[in-house]
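J.: Here you go, one structure.
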Amino acid sequence: MAVLVTGGAGYIGSHTCLELLNAGYEIVVVDNLANSSMESLRRVKELTGKDFTFYETDLLDREAMEIIFEQNEIEAVIHLAGFKAVGESVRLPLRYYHNNITGTLVLCQLMQEYAVKAIVFSSSATVYGMSDSVPISEDFPLSATNAYGRTKLMIEEIMTDLYASDREWSIALLRYFNPIGAHSSGKLGEDPSGKPNNLMPYITQVAVGELTELHIYGSDYPTLDGTGVRDYIHVVDLARGHLKALEKVLSSTGVEAYNLGTGRGYSVMEMVISFEKVTGQHITYRMTDRRPGDIGICYSDPSKAARELGWVAQKGIEEMCEDAWRWQVNNPQGYNKEKPLLRAGI
Ligand code: WQD
């Protein structure tokens, strides 16, 4: 029996596949490589010494997806495949709804047809919208402020309806806070295409000289130092949270949401200071205006995952910085040796 990992070649996916293999699971990976590279999967095989079947397939290709269920005995699905750039989703909503929602519908319809009723879904803290109180727990009101967030919210509701229609389903909705860092080997990591939107890859590219300076979006938030506060979680902790959720959906039915965060918020400035302390690199930065759509403070109450999944994040901010830096230094062009260095274009 195998676990099907959709989006398994991506940043979260590759780290999750590695943990699954190391825990003894048989996996099957499907990814259309729109936002990822086969190289990450080659390295997962190298790091674990284990092999697995990979299908370069789009979830929207129902025929090709059905072949996966025909050819493999799938016992559960970890569903990570989806577009995830907030800004892009505002510019291209139809692309996001089609890819994320329709892709999920095709997957769930096939799961139903093949009586595979255990799924772990990659949701996001973005479903809490512009929550103005912290720490955030799973019973907080849900809303979305962009198409990307609305796809996550809609998929959570689709899965809730699915369980209501058939109580044999086992569904875990994992609400990620801010995943950063990389596998300690320096062989797996975050490989954004073009200029990074997210904070940590931007910092590491400034540190290595790819980018000239970090723009800190807003210094007038009601926080310790005025800069935005987020709940950063090491990607390996996040991956291990998927294994605990998988154990749950393989052992009991129901539909439950879980925050995957540390329960600790750090400001942008605290992150910069931690990064400089751990790596000895200097980060040039400039305070600029707030980024539209940003909230000031966001961090989780992760106690439900501790109680019900037996999962608690273990890695601290310094290890997140250390591992992110090692990945950057070892892989200046990410997974793609042909990728032009931004430095050349500055
Ligand atoms: C973190 C903090 C910024 C970049 C996003 C998505 C969310 C999830 C994770 C998918 C904020 C500040 C950032 C920069 C900065 N993605 N910042 N300069 O916005 O919390 O969450 O990524 O699931 O859905 O919304 O993450 O890393 O972009 O920002 O000052 O160049 O760093 O203002 O305070 P965010 P982020």
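The values are calculated or read from the model by the stated rules, or taken from the named source; none is laboratory data. Please read these numbers as outputs of a predicted model, since none were measured by experiment. Reconstructed Cβ throughout: ideal geometry from the backbone, glycine too, with neighbour counts over all protein chains shown. To get the accessible areas, we keep the full protein, side chains included, count just its heavy atoms, and leave off ligands, DNA and RNA. Shrake-Rupley method; radii C 1.70, N 1.55, O 1.52, S 1.80 Å.
J.: Semi-axes of the chain's equivalent ellipsoid from the Cα gyration tensor, sqrt of 5 times each eigenvalue, largest first, rounded to whole Å?
T.: Whole-Å semi-axes of the equivalent ellipsoid: 31, 23, 19.
J.: Would you mind putting 275-282, 163-170, 149-156, 244-251 in packing order, based on average other-beta-carbon counts within 10 Å, highest first?
T.: Most protected by this proxy first, the peptides run 149-156, 244-251, 275-282, 163-170.
J.: Kindly state, to the nearest 0.05, the FRET efficiency for Glu63 paired with Ser137, given R0 = 51 Å and r defined as their beta-carbon distance.
T.: The value I calculate is 0.75.
J.: Would you list, by chain and number, the aspartates and glutamates whose Cα falls below 16 Å from the Cα of Lys277, excluding same-chain residues fewer than 8 positions away?
T.: Qualifying aspartates and glutamates at Cα under 16 Å: Glu318, Glu319, Glu322, Asp323.
J.: May I pose another question? Heavy-atom accessible area per residue, the chain, 1.4 Å probe: how many Å²?
T.: 43 Å²
J.: On to the next question. Angle, helix 317-330 long axis vs. longest principal axis of the chain, Cα atoms, 0 to 90°, nearest 10?
T.: 90 degrees
J.: Which order do Leu341, Leu21 take by accessible area at a 1.4 Å probe, largest first?
T.: Ranking Leu341, Leu21 by accessible area, largest first, yields Leu341, Leu21.
J.: Would you list which lysines come within 19 Å of Lys339, measuring only between C-alpha atoms, while excluding same-chain residues fewer than 8 positions from it?
T.: Leaving aside lysines fewer than 8 places away in the same chain, those within reach of Lys339 are Lys187, Lys195.
J.: Further, regarding this structure: Quick check on segment 59-137: take the gyration tensor over C-alpha atoms, sort the square-rooted eigenvalues as a ≥ b ≥ c, and tell me if it's rounded (a/c under 1.5), prolate or oblate.
T.: Oblate shape, in that a/c is at least 1.5 and b/c is the bigger or equal ratio.
J.: Now a separate question. Over all directions, what mean area does the Cα convex hull of segment 96-223 project, stated in square nanometres?
T.: 11.1 nm²
J.: Something else: Quick check: at a probe of 1.4 Å, how many percent of the accessible area of segment 1-125 sits on carbon and sulfur atoms?
T.: With neighbouring chains kept in place, the figure for segment 1-125 is 50 percent.
J.: I need the Debye-formula profile for segment 192-342: one equal scatterer per C-alpha, no solvent, reported as log10 I(q)/I(0) at q = 0.08, 0.13, 0.19 1/Å, two decimals.
T.: -0.27, -0.69, -1.18
J.: May I ask you to give the average projected area over all directions of the convex hull of the Cα atoms of segment 1-155, in nm² rounded to one decimal?
T.: Spelled out: convex hull of the Cα atoms, projected over all directions, averaged, 9.7 nm².
J.: Using modelled backbone amide H atoms (1.01 Å from N, in-plane), which distant-in-sequence or interchain residues come within less than 5 Å of Ile136's amide H?
T.: For Ile136, the qualifying residues are Tyr299, Ser300, Asp301.
J.: Now, a different point. For segment 176-234, with all protein chains present and a 1.4 Å probe, just round the carbon and sulfur fraction of the accessible area to a whole percent.
T.: Exposed carbon and sulfur together represent 47 percent of the surface.
J.: Give me the angle, in degrees from 0 to 90, between the Cα long axis of helix 103-113 and the longest principal axis of the Cα atoms of the chain, rounded to the nearest 10.
T.: Around 30 degrees separate the two axes.
J.: Please report the carbon-and-sulfur percent of the accessible area for segment 271-343; probe 1.4 Å, protein heavy atoms only, DNA, RNA and ligands left out.
T.: 50 percent
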